[in-house]
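Asker: Handing you a structure now.
Where a number appears in this text, it was derived from the coordinates with a stated rule and is not lab data. Keep in mind the model is a prediction, meaning the values are calculated, not measured. With ideal geometry, Cβ positions are generated from the backbone for all residues, glycine too; neighbour counts draw on all protein chains shown.
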Amino acid sequence: MDLKGKVIAIMEPRSGVSTRTGNPWMTQEYVIEVPGQFPRKMLFNIFGEDRIRQFNIQAGEEITVQFDIDAREYNGRWFNDIRAYNILRDNGTGAIPTATTVQQPVAAPQSAQPVAFDAPAAGGGESTDDLPF
């Protein structure tokens, strides 16, 4: 999923060491505001110190967040997790590069000649069709 908005808040990064693998981890959360008649806000996170540095998100910049949504259960309650996997920035031309391009539908060719249908026979005469009605 993609969502474009302005970064309005950057939370402090959190880090630790995995109890299962013993590897260090880092995550950071950000809030973007999506413009419109009724502006919406979305909190998302980026997992991994290398990705946090790679994306280098700054407050006030316009970005497009490509993300996945997942939910997890903890102590009988469910929590949503919105994890960004890519950040796109405006390239200066007003266009945002995307991973996929949208193709416009191709119009069906129009026939130059109208299709003519045979009119039913007038009167109570015998019909040549084999329909029962």
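Asker: Report the full-extension gain for the segment THR19 to ASP50: residue separation times 0.36 nm, less the Cα-Cα distance, to one decimal in nm.
Answerer: Separation in residues times 0.36 nm, less the Cα-Cα distance, equals 9.1 nm.
Asker: What do you get for Rg/Rh over the range 2-89 if you use C-alpha atoms and the Kirkwood form of Rh?
Answerer: Over the Cα atoms of the range 2-89, Rg/Rh equals 1.00.
Asker: Here's something else I'd like to know. Can you give the local net charge around ARG14? Use residues other than it whose beta-carbon is closer than 12 angstrom to its beta-carbon, Lys and Arg +1, Asp and Glu -1. All intermediate terms of the calculation are to be shown ahead of the outcome.
Answerer: Values: positive: none; negative: GLU12, GLU29, GLU49.
Within the 12 Å Cβ shell, the charges total -3.
Asker: Can you tally the net charge around GLU61? Count Lys and Arg as +1, Asp and Glu as -1, for every other residue whose Cβ sits under 15 Å from the Cβ of GLU61. Mind showing how you got there, number by number?
Answerer: Details: positive: LYS4, LYS6, ARG89; negative: GLU33, GLU62, ASP90.
So the environment of GLU61 carries a net charge of 0.
Asker: Net charge within 14 Å of ARG72 by Cβ-Cβ distance, Lys/Arg positive one each and Asp/Glu negative one each, not counting ARG72 itself?
Answerer: Values: positive: ARG77, ARG83; negative: ASP68, ASP70, GLU73, ASP81.
Once positives and negatives cancel, what remains is -2.
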